[in-house]
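The values are calculated or read from the model by the stated rules, or taken from the named source; none is laboratory data. Just so we're clear, the structure is a prediction, and the values are computed from it rather than from any experiment. Positions of Cβ are generated from backbone atoms using ideal geometry, with glycine treated the same way; all protein chains shown enter the neighbour counts.
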């Protein structure tokens, strides 16, 4: 621990800026989770952390020797790295501070208070329609307390402690000012980020900054708010994408007076007023060299063209918020479905099916057909007897069925049948394809014995094929196999050897199909490319144009294509 600071020198100023960057980075994820509306600027913590990191980088690289010069470098870095509304407003807070500090070699308490007052002024001016209950409220109240404390003659450490208390109090009030925050029980995420910045400043000035303990003091409270937010309905999920008036979140950065399209000298009010008529959520920030714009609009092209009239475009970013909101809705719907399925599985089932498989896509196929649990395993990783017994016991099922989907797993499954405390049937499926077909006959209301008989009968209705690559040179059943050759296997036996994946797969299917074949299913693995899938579909049509083709993304290793013919 070091002594308290009564005057901010260039050294202390640098420590303050870098402490704020480090503390924001450490708390970014928790701030992110506070967002009520994650579209389009939902990563508040990340945006503020990256913006502050850019400011700190510019400060560290600056060779300047006064606080005023270093503050200018910091503001420039924040301007260049500003991301999202929160990052842009943070950059304006530091721009205001820089304006006030411009001619200062060091800072007194009064100087710091004046800087915060100017920061609040510039931040409010930068926003098209300032909204209380946000980061703006926090900077205004923090600045007002700084002014009061400095005017009362308080020393810098005392003033900064008072500023931190006032900032926290303002943050705590944000739910009372912004109804949506109260609805979901959180404080404003941008305001929380600013409180962390000011707390880092205070830590440095008090000599208590600890780079090994960067979590915000109120992280426990933050965790509770995050938990409350995600336990209930989130406001963003109820927002209909069609209700978004201005759908394109548009950001541009322009190097002023540069390039071949430059026709106008920059005037802030002229530049700002033109864009203000084209949308909302407008932020325009600039220095002598660069102007940066954030706006929600229906016409991003006009915004971009307007920027080119003042200089050369350095950066353009356009996001469709309607699409983003729909993605949020779809993601939440999928999460709700998954949670519902987990809740169902939490209740001990009467009868549970356990299938052995690898690949996320294959697992989803089994899940969709009623398998209770997929036990990871297969050709190169066979589950043990204990794996089966543990899975059955943990499920609480009163009866169970095992689909080994590989003949190498039969013995372990049979042993599990003997060791389990509940009745277990082993349906001797030799492949993923047989296992999937067997599930077509599964009836959760039927007995274990009836299911075993029906599912076993289904095994003979499918021809299984698999394509993989030889890992060594050998000769087998009349085939001279070189390392790297493609092997086509029909019901576990090598029947085709080839140099190309699609050709080998087609030749394999020709041996699998007969006059009674109706459906060909392709389960693509990690090694299959989209163009190879398409080529194989075309090859199947050449074999028999009446064949119905189904394609699934299995995600399995080692086998680019698992094929079945029914």
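Only one of the numbered conditions (1) at pLDDT below 90; (2) closer than 27 Å to residue 131 by Cα; (3) part of a helix (DSSP H, G or I) is not met by residue 220, and that is (2).
Just give me the residues in the stretch 462-489 being in a strand (DSSP E or B), in contact with a helix residue (DSSP H, G or I) (Cβ under 6 Å, 6 or more places away or on another chain) and under 30 Å from residue 442 (Cβ atoms), in sequence order.
Scanning the stretch 462-489 gives 463, 464, 465, 467, 488.
Taken over the stretch 432-457, the criterion of being more than 13 Å from residue 404 (Cα to Cα) and either surrounded by fewer than 18 Cβ atoms within 10 Å (Cβ to Cβ) or outside the structural domain of residue 361 (by TED's automatic domain parsing) (or both) is satisfied by 440, 443, 444, 445, 446, 447, 448, 449, 450, 453, 454, 457. Looking at the stretch 491-506, is at least one residue surrounded by fewer than 18 Cβ atoms within 10 Å (Cβ to Cβ), without any contact (Cβ under 8 Å) to a residue 60 or more places away in the chain and in a helix (DSSP H, G or I)? Yes; the residues of the stretch 491-506 include at least one that is surrounded by fewer than 18 Cβ atoms within 10 Å (Cβ to Cβ), without any contact (Cβ under 8 Å) to a residue 60 or more places away in the chain and in a helix (DSSP H, G or I). Could you please let me know if residue 459 is touching a residue at least 60 places away in the same chain (Cβ under 8 Å) and either closer than 13 Å to residue 354 by Cα or in contact with a helix residue (DSSP H, G or I) (Cβ under 6 Å, 6 or more places away or on another chain) (or both)? No, not satisfied. Scanning the stretch 71-102 for residues being over 16 Å from residue 48 (Cβ atoms) and either crowded, with 24+ Cβ neighbours inside 10 Å or out of contact with any helix residue (DSSP H, G or I) (no Cβ under 8 Å at 6 or more places or on another chain) (or both) gives a total of 4. Can you pull out the residues in the stretch 21-42 that are at pLDDT 80 or above and closer than 25 Å to residue 240 by Cβ? Correct list: 32 only. Going through (1) assigned to a helix (DSSP H, G or I); (2) touching a helix residue (DSSP H, G or I) at 6+ places or on another chain (Cβ under 6 Å); (3) more than 16 Å from residue 559 (Cα to Cα) one by one, residue 531 falls short only on (2).
Annotation: residue 423 fulfils all but one of (1) over 17 Å from residue 352 (Cα atoms); (2) in the same structural domain as residue 404 (by TED's automatic domain parsing); the unmet one is (1).
When 29, 4, 118 are checked against the criterion of being on the phi < 0 side of the Ramachandran plot and not assigned by TED's automatic domain parsing to the domain that holds residue 203, 4 stands alone in meeting it. Can you confirm whether residue 415 is on the phi < 0 side of the Ramachandran plot, under 38 Å from the mean Cα position of the chain (by Cα) and either without any contact (Cβ under 8 Å) to a residue 24 or more places away in the chain or surrounded by 14 or more Cβ atoms within 10 Å (Cβ to Cβ) (or both)? Here the answer is no, as residue 415 does not meet what is asked. Quick one: would you say residue 255 is within 26 Å of residue 94 (Cα to Cα), surrounded by fewer than 15 Cβ atoms within 10 Å (Cβ to Cβ), outside the structural domain of residue 80 (by TED's automatic domain parsing) and in contact (Cβ under 8 Å) with a residue 12 or more places away in the chain? So residue 255 does not fit the description; no.
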